[in-house]
């Protein structure tokens, strides 16, 4: 079975790969069911969903209606910034998933200082999520975001919110950028001190599509070679104090990431620079080609 790690103060032993449900949001219900069951067969016990993930809430909710999965950790997000809209979205998602409460509810796409200010503003989304937590509808609160600024923004967020998790993008190429490495390392120190669980986005990302036509259901070009995925996943899980990686938005890449997550302990140790040098075209997904 796939390795598990403690997700910070949530106490949940999450598998080192979680199911990012955008991948099922673009599928039929039958195909979504098969993808969910494949994840479960590999021991994945943590699913992450969001209203913006196409029809993921409906696909996952229909499956959970038929198979409640009491031992699977369910996390969701809101990208709404005002209290009323965030609260409405939270309850709508809860209804769609046929759940009574969220294990984790996250402020979604908080990538800049302005995003964080909007969440924290009077009448902002933070008030809605805190109220839901007080009502017992949300067990834990987290934050998500990606981009070069996100690590510093998330470190700042820990000063204002009682966060149980952060979900931030990191991969070998990003770590070779000096400013990103500085801010990422600083965030990792903060989360360890505060017992905040770390979920990593974009571990298997390769580069921006630029002017090219996408050939996978992802907004960035993913690593699509099993060896390259193995190296990147192993680097994140071996060198960074993270709990779990979020799978990508394409079921074809999900299969590669599952294999990599199961095999990572046997992979040789490599530096970020060595991994980047071995992949032609590896680049910054947040920068247009």
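What to note about this one:
- Residue 114 vs. criteria modelled with pLDDT of 95 or more and surrounded by fewer than 22 Cβ atoms within 10 Å (Cβ to Cβ): yes
- Residue in segment 60-69 that is under 14 Å from residue 23 (Cα atoms) and either touching a helix residue (DSSP H, G or I) at 6+ places or on another chain (Cβ under 9 Å) or surrounded by fewer than 18 Cβ atoms within 10 Å (Cβ to Cβ) (or both) present: yes
- Complete set of residues in segment 166-180 that are within 11 Å of the chain's Cα centre (by Cα) and over 17 Å from residue 192 (Cβ atoms): 169
- Any hit, segment 195-207, residues being over 16 Å from the mean Cα position of the chain (by Cα), closer than 29 Å to residue 55 by Cα and either surrounded by fewer than 21 Cβ atoms within 10 Å (Cβ to Cβ) or without any contact (Cβ under 8 Å) to a residue 12 or more places away in the chain (or both): yes
- Enumeration of residues in segment 179-188 that are loosely packed, with under 15 Cβ neighbours inside 10 Å and either in a loop (DSSP other than H, G, I, E, B) or free of Cβ contacts under 8 Å to residues at least 24 places away in the same chain (or both): 182, 185
- Here residue 179 fulfils each of the conditions (1) farther than 15 Å from residue 287 by Cβ; (2) at pLDDT 95 or above apart from (1).
- Identity of the residue in segment 169-178, part of a helix (DSSP H, G or I) and in contact with a strand residue (DSSP E or B) (Cβ under 9 Å, 6 or more places away or on another chain), that ends up surrounded by the fewest Cβ atoms within 10 Å (Cβ to Cβ): 173
- Only listed residue being free of Cβ contacts under 8 Å to residues at least 24 places away in the same chain, surrounded by fewer than 18 Cβ atoms within 10 Å (Cβ to Cβ) and touching a helix residue (DSSP H, G or I) at 6+ places or on another chain (Cβ under 9 Å), chosen from 41, 37, 82: 37
- In segment 1-22, residue nearest to the chain's Cα centre (by Cα) [restricted to those that are in contact (Cβ under 8 Å) with a residue 24 or more places away in the chain and in a loop (DSSP other than H, G, I, E, B)]: 21
- Residue selection: residue 159 satisfies the criterion of being under 22 Å from residue 130 (Cβ atoms), without any contact (Cβ under 8 Å) to a residue 12 or more places away in the chain and out of contact with any strand residue (DSSP E or B) (no Cβ under 6 Å at 6 or more places or on another chain).
Conditions tested, residue by residue: (1) farther than 30 Å from residue 33 by Cβ; (2) in contact with a helix residue (DSSP H, G or I) (Cβ under 6 Å, 6 or more places away or on another chain); (3) free of Cβ contacts under 8 Å to residues at least 24 places away in the same chain.
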| residue | (1), (2), (3) |
| --- | --- |
| 89 | no, no, no |
| 96 | no, yes, no |
| 109 | no, no, no |
| 148 | yes, yes, no |
| 151 | yes, yes, no |
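- Which listed residue is within 14 Å of the chain's Cα centre (by Cα) and farther than 22 Å from residue 8 by Cα, from 147, 123: 147
- Note on segment 210-289: enclosed helices (runs of 4 or more DSSP H) holding 2 or more residues that are in contact with a strand residue (DSSP E or B) (Cβ under 9 Å, 6 or more places away or on another chain) are 226-239, 251-263.
- From 191, 153, 166, residue being at pLDDT 95 or above, in contact with a strand residue (DSSP E or B) (Cβ under 6 Å, 6 or more places away or on another chain), surrounded by fewer than 24 Cβ atoms within 10 Å (Cβ to Cβ) and within 26 Å of residue 103 (Cβ to Cβ): 191
- Which numbered condition residue 118 misses (of (1) over 18 Å from the mean Cα position of the chain (by Cα); (2) assigned to a helix (DSSP H, G or I); (3) over 30 Å from residue 284 (Cβ atoms)): (3)
The values are calculated or read from the model by the stated rules, or taken from the named source; none is laboratory data. Being a predicted model, the structure only gives us computed values, none of them experimental. When we count neighbours, we look across all protein chains shown, and the Cβ atoms used for this are built from the backbone with ideal geometry, even at glycine.
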